[in-house]
Amino acid sequence: LVLAVDIADAGQVAAAVQQVLARFGAVHGVIHAAGMAGGGVIQLKSPDTAARVLAPKVRGTLALDAALAGLPLDFFVLCSSTIAVAGGLGQVDYCAANSFLDAFAQDRALRGDGRTVSINWGAWQEVGMAVATGLTGGPGQAAAVPAGRQDVHPLLDRCLRETAEQTVYETDFSAARQWVLADHRILGRPALPGTSYLEMARAAFEDHASVFERQAGEAGVEVRDVLFLSPLMLDEGETRPVQTTLEPDGERFAFRVASRPPAAGGAPSWQAHARGKVGALAAGPAARLDLEAIRRRCEREVDVTGPVMSDGAGVVYWGPRWQSLKRVHIGQGEGLALLELPAEFAADLATFALHPALLDVATGLIGFLEEGTHLPISYQRLALHKPLGAKLYSYLRKRVEDGGGKETVAVDVTLMDETGETLVEVERFVMKRVTEAASAFLRSSAPARVEEAAPAPPPAPGKGAGAAAGILSREGVEVLRRVLTRGRETPQIVASAKDLNALLAQVRALDRGSLLDRPELTRGAQATHPRPSLPTLYVAPRDAAEGRLAEIFQNALGIQEVGVHDNFFDLGGDSIVGIQVVARANEAGLTLSPDQLFEHQTIAELAALIAPPDAAPPPPAMPPDEAAPGLTAEPAEPFGDAGLQPGEQDKVLARLKEMSVRR
C-alpha cells in the first residue's frame, strides 16, 4: 500500500498508520528512510532552510514513534548517514539531523521498545541522494529533492534541485537533440562550443532568480571570471548528462558545468568543463559607439564571400548557424565585422539571449588579426545589456598591454546593433595560441585531472569492484538483512564501502576552504611520481607564495617535488592541466590568470607576479627645513645601522608596526 504523507506532520503520519492497520491488521517493522539534503556554509544558511532539512529526520521520527506507540514491532530501523560519524564541511543541518537519529536509536533501545537500530549509511552507487545530483564521492554527501520543473531552456532540460543555497539543472546532451553539438564538431566528434556555457549560466541565473522573485535580466546579466576547464566532446550517438550548478557567492552566483562520461570499467565520475560567476548587471545605459569612425580606422576589407567555415575536412567543422559572417574590416590591432544569422534560424533568438553560434563567430575574429589556431581559455567579464539580434556588428580589439605574449592573446569585444548601441561587452577574453599541438590537444577529451577521482586500488579478495565508489543496491540489501537477523543489540551501525578510519582521515584532510558539496576541490591528483630529469636544479620554495604554488603544481601534475625554477611544460603540463592549476590557485586565494601561467611558466616567476618584492628605491634624504617632526635631520649618534638616536627608535618601531598591521 503506497501512501503519500508529510512525514513531519504528526497528524498525517498517525492517519497513515491507522489506514495500514485497517488494511493489514498489524505492523511488524518500520524503516524510516525519509530525508532532505543540506549544503552550504553556516554564514549563509537561514534558520528556515536548516529547519526544512531537520524536519524529516527529527519531527518525522518523533511522529512515527508516537503513531506506533504500543505496537509490538520486530524492528525500528532509522537510515542515518556517515556524516553523523565523520562530520564534514558545509553540511551542518544534515549532520545534525542524522545525529538526532543516532541519539534517538540509543534512547529507544534503552526503553526496551523492541529492536531499534540507526544505520549510518555511506553513499550508494546506483540509487539514493548522492546519485540524484551526481555528486557522489564525498563522505555523507547528499542531494536534494527534485524540483520537478522541465524544459527550462533548450540547454537546461530540468531543475533537479532548487533552494536558496544551491540550484542544479541537468540536461541530456547529444548531437541528435542539440544543434550546438550537431553543428559544431572537432575532428568529426560533436563538441560543445565554449560560448554555450555562458548561455547556460545566464539562463540558469535568470530562471533561478525568477523563481525566487528577484529582478533578473531587467538591467542585464553579468558573467565574470569564466574558466574553460576541459572540452566537452561526445561520440556519435552518445547521450551524456550535463549539470549546471549555481551557488550564492556574495552578490553573484558561482556556477560550474560538469558532465558524466560513460564509465570505463567502474563507477562514472563527473568531469568539470567550465566555472565562473554570474549575476545581475549593475544598472546603467549601454554605450553607443560610432560605427562610421570605427570603419574609417579599419580600412582593409577582407573577402568573406562563400562559406568561411570548415566543410568538415579541417580540424573544426561549423554548421549552418555559424555561416553568419557578411563583412570584415581590419585595422591596426582591431577589427569590425557584420554578422547576420541565417533567416531559417531566427526562431533561436526567442530563447537564446547569448546565441552560442553568433557569439562564437563574433569573438573568433582574432583569426583575421593573428595567424594560427586559438583556443578559448577564459573570460574576465561579459556584460549582456540586451539579447543579441539577428543582425549585429562585432568590434574586436587586441589588448597589447597584457595579452601580447607568445602563448596567449587577449581581446575586448563589443557587439552592437545597426545603430551602434551596445548589446554585449566582453572584457579580456583570453585565448591560447596552438600550432602543431592543436590536433593533439583537441583530440584530448579526458577528464580534467584536478576534477576527477584518483584511480581506486584493485578490490580486495571478496570485495565488489564498485566498493570504493559506493554501496551497490544488492550489497545494501545484504547489509540490512545482516543487521536485522544476527540478533545484535547494537543500536548504531556504520555501513560504508570505505573503511571507517579512511573516511575519518578523508574528512580531516579536507581543505578548510572547500565544501563537501564541492567534491572537485578535494579530489586532486596525488603526488606519486618522482621529479623527472630536468635541465634546472631543484630549488625548494623560499616563501609562502612559492610553497603554496609548489603544492598546487605537485598535486595537479602528480609529481613529488617541483622546484621554483622548474618549467611547468617541461614537467609534463599542458593546457588542460594549466587551467586546473589556475582554478586551484584562485580557490586558494592566489589571484592568477591563465595567460599569466602560460607566459610565466615557473613558480618563481608566478610568485613574483602574485606577491612582488618591495624593490622601491629609498626616498631621497630630506633637507633640514623639511625634516619630519621629532626626527633630527643632522647626523646623530648612530643606533645600530639605522643612524637613529635611542629615543627615536620607539617612534620608528611603532610606525613600522602600524604600517605592517595595515598591510
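The values are calculated or read from the model by the stated rules, or taken from the named source; none is laboratory data. None of these values were measured; they are calculated from a predicted model. Note that we place each Cβ from the backbone using ideal geometry, even for glycine, and neighbour counts take in every protein chain shown. We work out accessible area using only protein heavy atoms, side chains counted, and drop any ligands, DNA or RNA first. Shrake-Rupley method; radii C 1.70, N 1.55, O 1.52, S 1.80 Å.
For the reader, a short list of remarks on this structure follows.
- Listed peptides 233-239, 114-120 by packing density, highest first (mean Cβ within 10 Å): 114-120, 233-239
- Length-normalised contact order for the range 527-612 - Cα pairs under 8 Å, 6+ apart - percent: 32
- Distance between the 7 Å Cα→Cβ label points at R177 and K386: 3.4 nm.
- Given R0 = 45 Å, the distance between the Cβ atoms of R397 and E561 translates into a calculated FRET efficiency of 0.60.
- 26 Å Cα-Cα threshold exceeded, pairs from K277/K498; K277/K398; K277/K432; K326/K398; K391/K432: K277/K498; K391/K432
- Probe 1.4 Å, protein heavy atoms only - accessible area per residue of the range 161-202 in square angstrom: 22
- Here the Karplus relation 6.51 cos²θ - 1.76 cosθ + 1.60, evaluated at θ = phi - 60°, turns the backbone of the range 470-482 into coupling constants of x, 7, 6, 4, 5, 5, x, 4, 5, 4, 4, 4, 5 Hz, with x for every Gly and Pro.
- Computed from the C-beta positions of A26 and R52, the FRET efficiency with R₀ = 30 Å rounds to 0.35.
- Cα-derived Rg over Rh, computed across the range 1-87 with Rh taken as Kirkwood radius: 1.04
- Pair V539, A347: separation of 7 Å Cα→Cβ label points (nm): 6.3
- The residues S210, S593, S496, sorted by heavy-atom accessible surface at 1.4 Å with ligands and nucleic acids left out, run S210, S496, S593 from largest to smallest.
- Heavy-atom accessible surface of the range 1-119, averaged per residue, reaches 46 Å², computed with a 1.4 Å probe.
- Of the peptides 94-103, 331-340, 554-563, 353-362, the order by per-residue mean of other Cβ atoms within 10 Å, starting with the highest, comes out as 353-362, 94-103, 554-563, 331-340.
- Full extension of the chain between E299 and D235 yields a length gain of 18.7 nm, computed as 0.36 nm times the residue separation minus the alpha carbon distance.
- Whole-percent carbon and sulfur share, accessible surface of the range 44-102, 1.4 Å: 64
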